[in-house]
Each structure stands twice: as C-alpha cells, then as structure tokens.
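S.K.: One structure coming up, written as structure tokens, with questions to follow.
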Amino acid sequence: MSVYLYNTKTRSKEEFKPLNEKEVTMYCCGPTVYSYAHIGNLRTYIFEDLIANTLRLHGYKVKHVMNVTDVGHLTSDGDEGEDKMLKAAEQEKKSVMEIAKHYEDTFFRHTSELKLKRPTIVCRATEHIKDMIDFVKDLEDKGFAYFSNGNVYFDTAKFPKYGCLSGQNRDDLKHGARTEQDDNKRNPSDFVLWFTSSKFENQILQWDSPWGRGYPGWHIECSAMSTKYLGERIDIHCGGIDHIPVHHENEIAQSEAKLGHEWVNYWLHMEFLNTKNGKMSKSTGGKTTIDTLKELGYEPMVYKYFTLTSHYRSAAVFSEEALDGAKKAYENLCEYVAEFKANASNGVLDENQASDLESLKAQFNDYLFDDFKTPLAISHIWSVVKDNKKSADLKLAYLMHIDSVLNLNLKSVEAKTEDKIEITPEIEELLEQRKIARAEKNWAKSDEIRDKLLKLGIGVKDLPNKEIELIKL
C-alpha cells in the first residue's frame, strides 16, 4: 500500500510521492527554549516522530531536520512587550545562553524518555545568523523586502500567493511579526525579516548586519535553515495548527519569493491538546510537563500511549481521568507482553504462523500508511493480543513489530516469572491433611486447612485429575 497524507495545502488526502524515491526530506518546527515544552507541545513531536518511523517502515530513508529557536525575543504570536529569554534569565539568575541550553537539554531529555528518535540534524538559530542575513539580502535584491525605520520587512503585496496555506485573503490576515502592529509597514500583513529597531529595548542577542546591529525576525530562521540542510525543495513540513495562519504563511512567502518556485510539497499539522478550559499553551499557563506527569505517577510511555489513542488531526482533551485510562491500558499491554515472553517457546514460527504474522503486520501497517490512523492501529493491537487462538510466539512477534514503529518500550518488558514457593514441613503436612479430607469428602475440614494455608501466604487451586496448583499470595 502507498502512504497517504492529509495535505493542509490542498485540504485533501493525497498519495505521498517523494521528490527522491530513496530519501524523504522533512523539516519540523522545533522548541523555543525560554521555558519547558509542555505536554501539548510534545504531542506534536510524538506525531512527527511517528511520521518519520512510518516512512521508514515503508522503506524510505528519512532526513529529518528540526530547528531550536534560541533567540530571546521569539515567543508566540500573541505575546507582547517582553523579552522572554531575558525575563527567564533575570528570574533564574543565569545568562540567556545558559537559559537556552538548560531548556534545550530538558527538551531532548523528555523526548528521549518518550523514545523519540533524535532528528537527523538539530540546528540552532543563533548558529545560523549569517545564513539568515544572506537570505534577507537575496529577498531585498529581488524586490521582495524593504527597509523602513531601522527594520527590514517582507512586502506581502509582491507575493500574490500570500494566504495560500490558510486560505485567507492577504488583507484579512493579521500582522505576521511577533511584534505589535507598527506604522512602518506598507501593508498590515507585512512582517519583519530583520530588526534593528523594535519594542525590545534591552535585547541581549544582537549581530552586525548590512542594515545595522540587530537580530532576525522569527520566521526567517526556518526558511534559512531548512534550505541550507534540505535544499530548495522539501517533501514534508510539519508543525502545530497554530503555525498555519502566520508562521507557515510567512515561511512560504519568503522562501518561494527567494527560490522562484514551490518550496514544500506536503504540509502536515497537528491539532491542539486541550484541557477542560481550552487550548494548552505556554502563554496561558500551560505548565504540565513530562516531569510533572512523572511526579503524579504517570510514566512517559503512558502519556505517549494516550496521544496515540486519538488521531493527529483531532483535538485531544487532556484530563486525569483520560490519563488514568491510558495508564491502565498501557500497563495491561505490558502484562500481556510479559506473559507472552514467558510462554513463548523458541520464537520460531511454523509456515502458517509466519503467514498469519505477515498478514497481521500488513493490517497494522495499512492503518499507519493511511494518514496515520493510530486509534485504529491501537484497536488492532488489542484484537490480536486478546485472540486466544493465536500462539504466544505469534503475538509476541507481532508486538515487537508494532513496537519498532510506535516505540512504546515493549521490547524492554521482562518475561513474567512466577514466585517460587518454599514447601516447608508444616505446609507439606497441611497439604497432605487437605488431600485426605477431600478424599473423605470432609469439606469443612478441607476448608479449615485451606484457611490455615492462606494465613501462611499460600493459595490452593484444584485442577482436573486431583492435581493442585499452589499460588504464592
């Protein structure tokens, strides 16, 4: 089966046809490291890891590039009036680069705990300033940028396709820079490519440029770094749906204006993770992190399992009740894995089992190949796990296959072992007395002996042919 993706650009599900049959290029908007990434952010990164793993499953090599935004003034579209990096540095009594490193390190610790593969290339904004300056100079030379009162702006009127991703008219789009609307723009939708004059009076991170000492606008870093590492045409660009109307529109405008042709073939976007009170975000107090969940008794894999139970294009509602359900389901799945590992023989499947396994794997794969239908994939997992007609060897082989894609850490689950029961002379005597009592059909005496065994931590289960199973309590 081919891979099918929902392309935000066309508002339709399309068959995926990469530019290069052997390698897929994928760019993902990474973290802004002035604070911790909350679990809503991490839902997007879990999805992006799933995209890469699914494409690898189909046989592609994937070149995955992610940026790290470590320039202090760059926050969210709605934030106004403060340098978040500077504010964090003052509060924590650290330098801005110490702040950036701390939150970047924590981000990758959390993604590692979620078993997400590190992208092929991780590129930091502060290490690519020259690339951004060169990009802006090219736009200026081609007539798409203008200088006004110390800043360089992109002229959206010069780019007729502006609004193509969101479907909005240029005049209806809100201003694109992460700054308040200013009177230096020719058009309300124009956005800053390079600042030398802005609301941030004490901006710490600044660099020399042809337009004066300053710093880059938010959007330019993704265009500069993606084209540097992936070339002038890219297969897939990912991010959250909040990036569609501003950040990704501006990326398209500046990139295609410079390159002179279409830039990205497939745009994929993750829906919000909501709470009962609405969207989870840094600016509205979203403080729940992977560490928070661990303190509450939820392992990272529980949260990952929770995210996979809803489709990436559907908003998910986070609650303690929903997480409790995911915890129970994930722990049950691990129990099955432990049981299958204990009961599997040599792991070698006969011809019929091998054929059955390939069929099961194909069914699971097809759910992922069809726009990453993880809820159906999870349902399929449980249908296999609970099928008593299938052997432990077959089910274990199937689960190891799904774990190679979903990375739920099932491979690390240890085989279930039964606690050995030490038969003391006292226990041996009681068991013999019980055997005699049952042979004489003295059920009262049998029950009395059973109760004595229970006090010693031993349960007795009667089996056919007068055999018994001892259970350590």
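S.K.: Working out 0.36 nm times the residue gap between D291 and T10, then minus their Cα-Cα distance, what length gain in nm do you get to one decimal?
M.R.: My answer for the length gained is 97.3 nm.
S.K.: If you only keep lysine pairs separated by 8 or more in sequence, or across chains, how many in the range 219-341 come under 14 Å at the Cα atoms?
M.R.: So the count works out to 6.
S.K.: First measure r as the distance between the Cβ atoms of D324 and H102, then evaluate 1/(1 + (r/R0)^6) with R0 = 30 Å and state the FRET efficiency to the nearest 0.05.
M.R.: Taking R0 as 30 Å, the efficiency between D324 and H102 is 0.45.
S.K.: Still on this model: Report the accessible area of K61, computed with a 1.4 Å probe over the heavy atoms of all protein chains in place, in Å² rounded to the nearest 10.
M.R.: For K61, the solvent-accessible surface is approximately 130 Å².
S.K.: So what's the back-of-envelope 222 nm ellipticity for the chain, counting only DSSP H runs of four-plus at -39500 (n - 2.57) apiece and dividing by all residues, rounded to 500?
M.R.: Per the formula, -13000 deg cm²/dmol.
S.K.: For the peptides 97-110, 433-446, 247-260, what is the packing order when you average, over each peptide's residues, the other Cβ atoms within 10 Å and list the highest mean first?
M.R.: So the peptides 97-110, 433-446, 247-260, ranked by packing, come out 247-260, 97-110, 433-446.
S.K.: Under a 1.4 angstrom probe, counting protein chains only, how are Y36, Y27, Y229, Y330 ranked by accessible area, largest first?
M.R.: Y36, Y229, Y330, Y27
S.K.: How do S35, S359 rank by accessible surface area computed with a 1.4 Å probe, from largest to smallest?
M.R.: S359, S35
S.K.: What's the tally of Lys pairs in the range 403-473 whose alpha-carbon atoms lie under 25 angstrom apart, where the two lysines are 8 or more places apart or on different chains?
M.R.: Going through the range 403-473 pair by pair, I get 28.
S.K.: So for C164, C123, C334, what's the accessible-area order with a 1.4 Å probe, most first?
M.R.: If we order C164, C123, C334 from most to least accessible, we get C164, C334, C123.
S.K.: What aspartates and glutamates sit close enough to K117 to cross-link, taking a C-alpha to C-alpha distance under 14 Å and skipping anything fewer than 8 places away on the same chain?
M.R.: E48, D49, D403
S.K.: Sticking with this one: For the range 323-362 and the range 211-280, what is the separation of their Cα centres, given in Å?
M.R.: Each part reduced to its Cα centre gives a spacing of 40 Å.
S.K.: Considering just Cα atoms, how many Å³ per residue does the convex hull of the chain enclose?
M.R.: Spelled out: Cα convex hull of the chain, divided by residues, is 181 Å³.
S.K.: Report relative contact order for the chain in percent, whole number only (criteria: Cα-Cα under 8 Å, sequence separation at least 6).
M.R.: Worked out over the chain, it gives 16 percent.
S.K.: Could you work out the pair-distance distribution P(r) of the range 266-360 from its alpha-carbon pairs, with 5 angstrom bin width and percents rounded to whole numbers?
M.R.: 2, 10, 15, 18, 15, 11, 10, 8, 7, 3, 1, 0
S.K.: Within 10 Å, count the other beta carbons around each residue, average over each peptide in 457-464, 237-244, and list them highest first.
M.R.: Final packing ranking: 237-244, 457-464.
The values are calculated or read from the model by the stated rules, or taken from the named source; none is laboratory data. Values in this document were obtained by computation on a predicted structure and should not be read as measured data. A quick note on method: Cβ atoms are made from the backbone with ideal geometry, for glycine too, and the neighbour counts reach across all protein chains shown. Quick note on the areas: whole protein, heavy atoms, side chains included, nothing else; ligands and nucleic acids left out. Shrake-Rupley method; radii C 1.70, N 1.55, O 1.52, S 1.80 Å.
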